[in-house]
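Visitor: I'd like to ask some things about the structure below.
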Amino acid sequence: MKPVLYCWNFTPDRAAALAEICSELGVRLRKVSPAETGLPVASLPEREPGPGLAMMPFREEMLLMARFPDSLVDSLLASLRRRGLTVARKAVLTPFNAAWDSRKLFAELSAEAALHG
């Protein structure tokens, strides 16, 4: 299965730059809708959702890499740096975080950033 990069809260300009990077790397880019924030991140569908009425519970950008081999993680991070796309909250989908919903993932990444920032 193709690697998927899930993203939250990207402006149209930044989402377009991210889409270009994903296209170059052969990665599917998938925007997460506010209505999906309660789903476990491992069960987010790969297809774009329909329009939702819910509001996103946080405003900051976040990325989640699913089915990324280590070399692809490195390539994505290098591409983000080259293009000046700094994203403070990013993670790789693991068995440890698979059951978390978007809010929990965001909270954990925020806590980690506070420890190291």
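Visitor: Please list, ordered by first then second residue, the pairs with beta carbon atoms under 9 Å, 6 or more apart or interchain, first in the stretch 96-109 and of a type in the set (Lys, Arg), second open to solvent by less than 30 Å² (accessible area, probe 1.4 Å) and outside any helix (DSSP H, G or I).
Guide: 103/37; 103/58; 104/97
Visitor: Look at the stretch 63-88 and say how many of its residues are basic (Lys, Arg) and closer than 18 Å to residue 44 by Cα.
Guide: Final tally of qualifying residues: 1.
Visitor: Can you tell me which residue in the stretch 66-117 is surrounded by the most Cβ atoms within 10 Å (Cβ to Cβ), limited to those that are among the hydrophobic types (A, V, I, L, M, F, W, C), assigned to a strand (DSSP E or B) and touching a Leu at 6+ places or on another chain (Cβ under 6 Å)?
Guide: Ranking the qualifying residues of the stretch 66-117, first place goes to 66.
Visitor: For residue 46, state whether it is at pLDDT below 90 and surrounded by 19 or more Cβ atoms within 10 Å (Cβ to Cβ).
Guide: Judged against the criteria, residue 46 is not a match.
Visitor: Of (1) surrounded by 12 or more Cβ atoms within 10 Å (Cβ to Cβ); (2) outside any helix (DSSP H, G or I), residue 18 satisfies all except one. Which?
Guide: (2)
The values are calculated or read from the model by the stated rules, or taken from the named source; none is laboratory data. Fair warning: this is a prediction, and the values are worked out from it, not measured in the lab. Methodologically, a virtual Cβ is constructed for each residue, glycine included, from the backbone with ideal geometry; neighbour enumeration extends over all protein chains shown. Remember, those area values only see protein heavy atoms, side chains included, never the ligands or the DNA or RNA. Shrake-Rupley method; radii C 1.70, N 1.55, O 1.52, S 1.80 Å.
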